[in-house]
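Please read the structure below before turning to the comments.
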Amino acid sequence: MGACSPISTTSMNAFGLAPLILLLPVTGILFNGLVGRRFVVANRKTGEKWSGWFATTMVLGAFLVSILLLFSLRSNDFHTVVVPLFSWINIPAANLSIPWALQIDTLSVSMMLVVTGVGSLIHIYAIGYMHGDPNFSRFFAYFSLFIFFMLILVSANNYLVTFVGWEGVGLCSYLLISFWWDRVDKEGVPMNANAGRKAFVVNRIGDFGVILAIILLFWTFGTLNYQPLFSSAVEMFVTGEAVQFGPYSIPIGVVLTVVTALFLLGVAGKSAQIPLYVWLPDAMAGPTPVSALIHAATMVTAGVFLLVRSDVLYELARESGVLLFGLVSSPDLVAYVGGLTALIAGLIAITQYDIKKVLAYSTVSQLGFMVAAAGMGAYVAAMFHLIVHAFFKALLFLGSGSVIHGMEHGHHEIAHGEQDDFDPQDMRTMGGLRHKMKTTFWVYLIGALALAGIFPLGGFWSKDEILAHGSENLISDFILLVIAAFITAFYVGRMMQLVFFGKPRHEAAEHAHESPPLMTRPLIVLAFLTITGGLLNLPFFTRIWAEAAHNHPSGIWLGLEAWLEHTIQSYDLTEEGLLHLPHTPIVLSPTVALLSIVLAVAGLAIGFYVYRKRPKTAADPDPLQRTPIWWFSMLPLNTLYMKVFVAWFNRFAAWLAYAVDWNFWHDFVHDNLIRDIFVSFADFLANIIDAQGVDGAVNGAGKVTRSFAAALSRLQTGHVRNYALSIFLGAVALLIYFLYFAR
């Protein structure tokens, strides 16, 4: 654990540049938020370039800083470096001190590279995609704001600052999903606004679990900083120290099991796991760059990041042997939730016609693979799939945006400005696009094959590592993931057949054309990363190679594992004998690899075969509509959410709006209490206090003064004899006073 001890310094290497990670996106926010719109309004052509490229340049700058931090960590022997920014919360009476600091380690830098690297490519793509949008600069202000909060989340050195980023990306998700808030569907329902609201509400459920977990951690350990907290947890676990909750003494294993279970609730919300996955597919109503950046490559992986960052807590909970409700440990519960999510979301994806919703449910399914891997203790495998998935899923989402862009322009050519019910995202209206959009087809094909797990693309290696780990440690979850892998390949084959092969099923597909280079060039870069992504953590092909590499460590074999093991403390604790981290194979398992390849090829082939001839037109039924699998088109949890939760929420919201807010607060409290009491009190002040009291006192004083003056005026006769008498009487009075009273 010594290699993970933080070094509070900013003087060595490039660590002094770490604050730029946050300052550069803030500069982009300020530019587009304050002056970007003026540039666009003044001259749209040059204004869009200034707005879009300025935001993109700031993210590229953050990416370059991330690269410098990577090399700085290597030269620093991978020791964690904490870069303090300022003292944030300091309450001595409560023994609470929470700094705002950046933790630079191999895990945080890996996430920084993904967020800023993939984010830069999506920014470039968005410049072309959002061309002509009336709120162009506002979009990029939101985009930069998201990058800012995501970098806070992954770079924080304590749970509370991480939660600030966690909530910030949730806010940005709402803003970006609802960006086209005024768009309505065929029934006039504001789909984007509703989708944003749905994401916001569902994520609050998960966030409640994270808040409770953070409170419980602070109560238990007296700190929220990662390194002191993890060290205290290990020490309390080794010594068997219990946690006092008033008169109750709770074993540390029970506390950690509850904390990690609460974290799972937050992960289910942010990373779209059962039962809180229902918000992610609706989020596809937002612009395609939003889907690619937030809901495929970065934000939804925040839950996976939280699991990996909290590896010590999960492994201590596993080691304690405490079972939730006497049934399952919290890490195994994480694994099973991930496995079930991967399977069910894959089944739902088969029933979708919207190209972005297929990818959305695919994202939910692949997030299930990552969560399952983390739950099984394969933290490097989870991060490996997270990174590679960011490459190929961003490629697929941006590729789908290119397809939609081509379909919209094709429809524009045939519609001549007339409005109809044409949906450019409906795969039933596509077909034959490989001839119309050749660049998009080839890069999309690479992303699709990587998603299916075809050798030797990056998706094959990352998914194979998760399956290999499951085959040795949790066979029931392995079976769920194997079935999910086959289903993934099937819906990929279905999607490719419907979109790119066969004949066009609509005139818009017949007239579709390739997207501009500003949109296709980022796709080519992402395709290259998808092809080479597997090199990040290639396994050893034989035990001889593994032994040779152990004696002479070099090359690219298990590079990501060698990089992340400096941060994932469970490795060190296992070597010390304090934990028993589940073993992840470092040598390629021929059986699992062959099974993975066979399932991928079979799924693709069956998907192509089933959809090779039908549907011929957009009106034809789906070949699978008569099969039992079509039951998943009902989207059980989503239907439950819409009919029960949303209906209840809408009734509750209406009651709050009309009964509580309008009738009670506005009519009764405001009109009857506040207004009437205020008016009555004002009348009392004006008519009684002011008119009769203040005016009466002033007028009365005037009357008394006039009466006294009138009485005195009678003494002023003008005769000398009267004045002489007055002097005489005064002298007599003084004489009497001195004789009788002044002794």
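Per-structure values
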{"read-out": "Contact order normalised by residue count of the range 268-423, Cα under 8 Å, 6+ apart, percent", "value": "29 percent"}
{"read-out": "Most positive-pole-ward Cα, 385, 296, 325, against dipole of the range 267-386 from beta carbon charges", "value": "296"}
{"read-out": "Förster radius 56 Å - calculated FRET efficiency between residue 716 and residue 675, Cβ distance, rounded to 0.05", "value": "0.45"}
{"read-out": "Check: the range 1-157 dipole with +1 on Lys, Arg Cβ and -1 on Asp, Glu Cβ, in debye", "value": "580 debye"}
{"read-out": "Ranked by how many other beta carbons lie within 10 Å on average, peptides 146-159, 611-624 from highest", "value": "146-159, 611-624"}
{"read-out": "Cα-based Rg and Dmax for the range 332-386, where Dmax is the largest Cα-Cα distance (Å)", "value": "11.6, 36"}
{"read-out": "Descending semi-axes in whole angstrom, ellipsoid equivalent of the range 1-157, from the Cα gyration tensor", "value": "34, 18, 11"}
{"read-out": "Tilt relative to the chain, helix 355-375 - C-alpha long axis, 0 to 90 degrees, to 10", "value": "90 degrees"}
{"read-out": "Cross-link table 356/436; 436/503; 436/613; 438/616; 357/393; 357/613, entries beyond 18 Å C-alpha to C-alpha", "value": "356/436; 436/613; 438/616; 357/613"}
{"read-out": "³J(HN,Hα), Karplus 6.51/-1.76/1.60, whole Hz, each residue of the range 280-292, x for Gly, Pro", "value": "5, x, 5, 5, 5, 5, x, x, 4, x, 5, 4, 6"}
{"read-out": "Principal axis dimensions, the range 437-573 - Cα atoms, whole angstrom, descending", "value": "62, 36, 28"}
{"read-out": "Degrees, to the nearest 10: 106-129 long Cα axis against longest axis of the chain", "value": "90 degrees"}
{"read-out": "Dipole in debye (nearest 20) - the chain, about Cα centre, beta carbon charges: Lys, Arg +1; Asp, Glu -1", "value": "1800 debye"}
{"read-out": "Taking 125, 142 and counting other C-beta atoms within 10 Å, the order from fewest to most", "value": "142, 125"}
{"read-out": "Residue 208 versus residue 535: modelled label distance in nm, points set 7 Å from Cα along the beta carbon direction", "value": "4.8 nm"}
{"read-out": "Relative contact order %, the chain, counting alpha carbon pairs below 8 Å whose residues are six or more apart", "value": "11 percent"}
{"read-out": "Share of pairwise Cα separations in the chain, more than 37 Å, in percent", "value": "47 percent"}
{"read-out": "Cα shape, the range 207-261, gyration tensor, a/c 1.5 rule", "value": "oblate"}
{"read-out": "Paramagnetic reach from residue 41 in the range 97-135 [backbone N under 18 Å; point 7 Å along Cα→Cβ]", "value": "132-135"}
{"read-out": "Degrees, to the nearest 10: 136-155 long Cα axis against longest axis of the chain", "value": "80 degrees"}
{"read-out": "Distance (nanometres) between label positions extended 7 Å along Cα→Cβ at residue 688 and residue 706", "value": "2.8 nm"}
{"read-out": "Sequence of 40, 482 once ranked by neighbouring C-beta atoms within 10 Å, starting from the fewest", "value": "482, 40"}
{"read-out": "Separation of the residue 510 and residue 242 label points, Cα + 7 Å toward Cβ, nm", "value": "7.9 nm"}
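FYI, it's all coordinate maths here, none of it is from the lab. Keep in mind it's a predicted model, so treat the numbers as computed, not measured. A quick note on method: Cβ atoms are made from the backbone with ideal geometry, for glycine too, and the neighbour counts reach across all protein chains shown.
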